[in-house]
Each structure stands twice: as C-alpha cells, then as structure tokens.
1. For SER400, state whether it is within 26 Å of ALA589 (Cα to Cα), among the polar types (S, T, N, Q) and at pLDDT below 85.
2. Only one of these conditions is not met by ARG309: (1) of a type in the set (Lys, Arg); (2) under 17 Å from THR167 (Cα atoms); (3) free of Cβ contacts under 8 Å to residues at least 12 places away in the same chain. Which number is it?
3. If you go through the range 256-284, how many residues are crowded, with 16+ Cβ neighbours inside 10 Å and more than 29 Å from the chain's Cα centre (by Cα)?
4. Go through the range 288-306 and give me each residue that's surrounded by 16 or more Cβ atoms within 10 Å (Cβ to Cβ), among the aliphatic types (A, V, I, L, M) and in contact (Cβ under 8 Å) with a residue 40 or more places away in the chain.
5. Can you pull out the residues in the range 103-135 that are of a type outside the set (Lys, Arg), under 26 Å from the mean Cα position of the chain (by Cα) and over 17 Å from SER168 (Cβ atoms)?
6. Please work out if ARG135 is closer than 30 Å to ASN68 by Cα and not assigned by TED's automatic domain parsing to the domain that holds VAL447.
7. Name every residue in the range 246-289 that is under 19 Å from LEU335 (Cβ atoms) and at pLDDT below 85, in order of residue number.
8. Just for helices (runs of 4 or more DSSP H) wholly inside the range 538-622: which have at least 3 residues that are at pLDDT 80 or above?
Amino acid sequence: MTAAEGERASRSVRAGRAGRAGRPSRGHGEEAPPPGALPVAGPAATRRAAARLVRRDGRAFPLILALNGLAAGAGLIAPWLLGRIVDTVRAGGGVAAVDRMALVILGCAVAQLLLFRCARYAGHRFGERTVLRVREEFVERALALPAAAVERAGAGDLTTRGTTDVTSVARTLRDAAPEVLIAAVQVLFVLGAVLVLDPLLGACGAALLGALFATRWYLRRARAAYLAEGAASSALAELLAATATGARTVEALSLQEARHAASEAAIARFRRTRLRTLFLRSVFFPAVDVSYVLPVVAVLLVGGALHGRGAMSLGVVVSAAMYLRQLSGPLDTILLWVEQLQSSTAAFARVEGLGSAPRPPEPALASPVPADDRIDVTGVHYAYGTAPGAGGTTGPAAGSGGGAGGAPAPADVLRGVTLTVRPGERIAVVGPSGAGKSTLGRLLAGVDAPRRGSVTVGGVPVAGLDPEVLRRQVVLVTQEHHVFLGTVRDNLRIAAPDAADGALRAALAAVGADWAAELPDGLDTELGAGGYRPDGSQSQQLALARVVLADPHTLILDEATALLDPRTARHTERALAAVLKGRTVIAIAHRLHTAHDADRVAVMEAGRLTELGPHDELVAAGGAYAALWHSWHGDHSRHGDRHRP
C-alpha cells in the first residue's frame with residue numbers, strides 16, 4: 001500500500017463503518033470460524049453478496065444475457081440448415097437452393113462471432129467494474145477491523161484474502177463468469193432445439209444427466225475442500241512470513257530445526273488439502289467427458305434405426321447429431337472453468353467473510369463527544385482471548401471455571417486497575433516485563449475493551465468512540481512503526497492531509513529527524529523499495545512526527561523511542577515534551593529517566609497498580625519503584641551513562 005492510498009483509506013473508515021450495516025449477521029449465512037480467526041461467509045451470505053454486486057450494475061447484466069442469447073440463437077440455425085441441405089440433396093433439389101442455405105449459414109456464423117465478441121466485451125467490462133467494488137469494500141473492511149482482531153487472526157490470513165483470494169475472484173469475474181455464462185446459454189438453446197426438432201431424439205440428450213450427477217457430486221464436496229485449501233494456504237503464509245521476519249532471532253536462538261519442522265507440518269497440511277481438490281477433479285472431469293459424448297452416440301443409433309424404418313428423415317438425424325455434437329464446445333468451456341468457479345467461490349466466501357468480522361459495538365445514535373480530556377480507569381479486569389460484552393463486560397470472571405463449552409476462562413492480565421489521568425498530566429507507567437503495562441496502554445487507547453470495569457475519556461467509554469473522534473482524543477505510539485511506499489511528504493500527510501510543507505518540516509524537526517533535511521529530494525524523496533530505506537530509528541521518528549501533526553489531546557507512548565540510541569531518545573523525548581506541552585502524556589517505558597520527569601509514576605506489578613505518586617515520594621517510600629530506580633540508576637552509573645535531568 002502506498003502512502004497516498006493509506007491517506008485515502010484512512011478517510012474511508014467512516015464509510016466502511018456505515019457500509020457494515022448491510023453485512024450478513026452471525027448465524028445467518030456466516031460460518032463460525034475457529035477462535036481468533038477471521039470469519040468465512042456461508043453459502044447463503046455469499047449468494048446474497050453476489051446478487052448485490054449484480055444489482056449494483058443492473059444494466060450491464062441484462063445486456064450480457066441478451067447478447068449471449070442472440071449469439072446462441074444464431075448458432076442454432078447452421079445445424080438445422082445443414083439437415084435441410086441433406087434432405088434437399090436427397091430429394092434432388094437444385095444447386096441454387098443449396099447455395100442460398102450455405103450463404104445463410106455463413107451469415108449466421110459471422111453474426112454469431114460478432115455477437116459473442118460483444119457479449120464477451122460487455123462481460124469483461126462488467127467483471128472489471130465489479131472486482132473494483134470488491135477490492136474497495138475489502139480495503140474499507142480491513143481498515144475498519146480492530147487492531148486486536150487482526151493480531152488474533154494473524155497478518156497471513158488477511159494478506160492471503162487481500163491478495164490470492166481477491167485475485168481469484170477478479171479472474172473469475174473477468175474471464176470465467178462471462179465464458180461460463182455464454183456456454184450455459186448455448187447448452188440450453190441447443191437442448192431446446194433438439195427437442196423442437198424431434199422429441200424422441202431430444203430424449204437422447206438425457207444422457208447428459210450423467211454430467212449433472214457428476215457435477216452435483218463434485219459441488220457437494222468442492223466448497224469445503226477449497227475452503228480447507230485456502231485456510232491451509234493462509235496458515236502456511238503466516239508461518240513463512242513470521243519465520244522470515246524473525247530470521248535473526250531464529251538464527252540467534254538456534255531455532256532452525258523447530259521452524260523447519262513447523263514449516264514441514266504446514267506444507268504437509270497444505271499438500272493434503274491440495275491433493276483432496278485434485279482427487280475431486282480427477283473423478284469429475286472424466287465423468288463429464290464421457291457423459292457429453294453419449295448423447296451423440298444415442299442419437300445416431302436411435303435416429304439411424306428410425307430412418308431405416310422410414311419414420312425419420314436423414315436430415316433430421318444429421319441436424320440432431322450436429323446439435324448434440326455442438327454441445328462439446330460449451331461443455332468443454334464449463335468443464336475448463338468449473339474448478340476456477342469453485343475455487344473462486346470459496347475465495348469470495350473468505351473475502352466476503354471479512355464484512356462479518358467482530359467489531360466493537362456501534363452506538364445507536366451519533367458517536368458521543370467526550371466532555372473533556374479526563375481519563376478514568378475504574379476496576380478494570382482484562383484477559384486476552386475474551387471479548388467484551390455489552391457495556392464492556394463479559395461472562396464469568398477469570399478463575400471461575402466458566403467459559404465456552406465449560407473451558408476455564410483465560411487468566412486476567414489486569415486485575416482491578418483503577419487510575420485517573422487529569423488533562424495535561426504526564427504519567428509514567430513502569431514495572432517489570434509482563435506486569436501489564438502495554439495491555440493497560442492498549443485499553444487506554446481503545447484498541448481493546450476491558451472484560452470488566454470501564455475506561456472512559458470525558459465520561460465516554462474509549463472503546464465505543466468513533467475512530468475519527470477517538471484519534472482526536474487519544475493516539476497510541478508503539479515501537480512498531482510502518483513506513484508506507486511513497487514520499488516523505490506522503491508518509492507525513494497520512495496524519496494531516498492538508499498540512500503545508502512548513503508544518504511537515506517543523507514536525508520532523510520537533511522529533512529530531514535532522515536526517516530528513518539531508519535527503520537528496522527533501523520531502524519528495526521516495527521511501528521503501530527503489531528509494532531511500534529508513535532504518536528502525538528513522539522510522540520511529542517519522543511515526544512520532546505524524547503524532548505531532550495529528551495533535552491529539554492524549555498521547556500514549558509505549559516504548560515509542562525504544563529503537564533510538566539513548567542520546568537520540570532523550571533528545572526526541574525532550575523535543576516531544578516541548579511540542580506536546582499542555583497535552584496529556586502517558587509514557588510506558590523501561591528507561592526510568594522518563595519516570596523522573598513525569599508528574600506522577602504508576603507502578604504495575606502482576607497486573608495490579610501497586611504504587612502511584614510523584615517520583616521523589618515513591619523513591620522516599622522505599623517500595624517497588626524505589627528498588628527499580630536504584631537498580632536502573634546503579635546499572636547506568638556503572639556503564640558510565642549518567643543521563644540525569
């Protein structure tokens with residue numbers, strides 16, 4: 001995704017939320033996904049979505065049907081006239097009559113060719129317009145997903161749906177659907193022509209029922225098989241992406257054998273699902289091949305016997321045989337594309353299922369606006385793997401033994417946390433690893449909602465705010481930053497689309513990104529593949545510059561300067577402090593000089609808030625924070641790092 005696309009996509013989140021009103025509800029066509037996985041639309045929901053796409057281009061689809069019908073009708077004249085020619089010759093008719101019929105056959109062939117080309121052109125245009133809508137809806141829905149839902153599902157699944165699955169749907173709409181539609185109309189017209197020509201010979205077309213039975217057998221099994229193949233492909237992509245991203249960690253910890261074994265298992269699963277779909281095709285294709293040859297044989301045998309008795313003319317037998325032989329073309333087309341149709345149907349179910357992914361409950365009326373910037377955390381409990389219910393609560397508490405299917409509820413990582421952050425206050429959240437600091441930051445930013453208790457800003461639940469309102473109130477900055485493809489200007493304007501170049505340069509200067517001024521093309525320098533590749537610390541500074549441009553009321557820094565060296569980090573934090581003066585700042589950090597500068601320090605231990613107060617008071621109290629401060633200060637003194645305010 002480019003930076004410009006990211007900017008446009010961020011503006012479309014509100015439209016994506018509004019468009020979700022028409023998505024299928026859980027239990028009405030949506031297949032229940034595994035825990036944490038993104039959902040897959042059921043057959044009924046998939047059919048409704050396809051019908052919705054057709055209705056949105058209502059004029060094109062009837063035009064395609066009409067052109068296909070005319071083309072198929074033009075193709076019916078040639079076999080009938082060929083039979084007439086046979087009967088005319090046998091009756092001693094003149095050459096002129098045969099020539100006239102031959103010219104009509106030629107004219108019908110030319111008309112059929114032109115009509116087919118027009119039908120295919122209209123079908124391709126319809127397919128391209130429709131797949132554009134599919135892609136736009138997918139991007140809107142993906143951007144509207146909560147970050148927690150994406151994290152639980154894994155980036156591999158979302159990436160596979162947005163690339164492989166959308167591409168499969170696009171190929172079907174552009175190529176397979178028009179071809180199959182043309183072929184299906186041809187089959188119907190040909191069978192109708194044989195019945196009109198002679199009902200008895202038309203009955204010989206019943207041999208095509210073998211193809212119908214084979215198709216029914218295939219379709220009953222194909223959807224589940226292709227869905228399993230898609231899921232296995234997503235799991236494999238997720239595993240490979242994680243291994244590639246963590247390659248240095250794998251090498252440092254000698255995890256090559258473990259990752260290799262996991263990869264082998266994922267590949268084996270994908271191979272099994274792939275072999276299943278191959279088996280279905282190996283049974284289906286030969287059965288259909290045989291079934292559309294049998295009608296021609298039956299017509300020749302029955303027609304020959306009736307002609308021998310004088311009950312049927314040779315021309316009728318020839319015409320019927322030609323009609324049924326003509327079926328081989330459209331049936332071959334259907335056979336060629338039926339696999340793609342099944343695969344793309346499963347892919348479309350996965351793409352459409354994104355519209356049913358769990359989202360925070362939307363307010364019945366307009367999103368409330370917080371009365372002020374005061375943040376209140378009251379009696380908060382949170383456990384990963386649980387979803388908040390109405391009002392931010394769910395079922396039984398952790399440890400109660402309750403849960404889905406009687407399974408024990410996940411253990412809480414936050415336990416009864418209560419905290420009030422006053423507007424303009426600077427609070428540092430410290431504590432050992434695993435104490436719940438980052439989890440608290442996610443709840444404060446509205447990324448997750450508490451299992452029990454409440455997190456409000458200005459009296460309004462943070463997780464229930466409209467994204468645009470929420471981001472004007474609270475912004476969470478972590479140590480994981482993304483640089484979009486595009487220029488430096490594009491990357492910064494994601495936060496402030498209308499910002500002038502002077503404001504962009506001021507934001508970069510505010511976070512100490514002096515390197516940006518030295519780039520060859522300045523703000524027009526392309527970033528990413530083929531351009532300038534910023535390192536980890538420079539990417540962090542770009543992200544922090546976006547925060548300066550966004551100008552939120554409350555800023556949550558979760559190790560936001562972790563990738564910067566100590567001197568640069570200190571300079572950046574001081575610059576941010578000056579720029580964000582008067583704003584509420586909640587800093588989650590291991591570098592305790594941040595705590596020293598804060599108005600108050602919140603100490604987290606084992607998911608609980610154990611100490612809260614100014615730095616000097618907590619040090620004097622001799623509690624957990626004092627121990628952390630003396631340990632950190634002593635370690636840095638021994639290493640010659642005496643960065644004291």
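The values are calculated or read from the model by the stated rules, or taken from the named source; none is laboratory data. For clarity, every value in this text was computed on a predicted model and none was experimentally measured. Quick reminder, even Gly has a Cβ in these numbers, built from the backbone with ideal geometry, and neighbours come from all protein chains shown.
1. Numbers: within 26 Å of ALA589 (Cα to Cα): no; among the polar types (S, T, N, Q): yes; at pLDDT below 85: yes.
So SER400 fails the test.
2. Just one mismatch for ARG309, condition (2).
3. 1
4. VAL288, LEU294, ALA298, VAL299, VAL302, LEU306
5. Step one: filter the range 103-135 for residues of a type outside the set (Lys, Arg), giving 103-116, 118-119, 121-124, 126-128, 130-132, 134.
If we keep only those that are under 26 Å from the mean Cα position of the chain (by Cα) too, we end up with 123-124, 126-128, 130-132, 134.
Of everything in the range 103-135, those that are of a type outside the set (Lys, Arg), under 26 Å from the mean Cα position of the chain (by Cα) and over 17 Å from SER168 (Cβ atoms) turn out to be GLY123, PHE126.
6. Values: closer than 30 Å to ASN68 by Cα: yes; not assigned by TED's automatic domain parsing to the domain that holds VAL447: yes.
So ARG135 passes the test.
7. In the first step, residues of the range 246-289 are kept if they are under 19 Å from LEU335 (Cβ atoms); the result is 277-289.
Selection gives ARG281, SER282, VAL283, PHE284, PHE285, PRO286, ALA287, VAL288, ASP289.
8. On the way: elements: 566-579, 593-597, 615-621.
It comes to 615-621.
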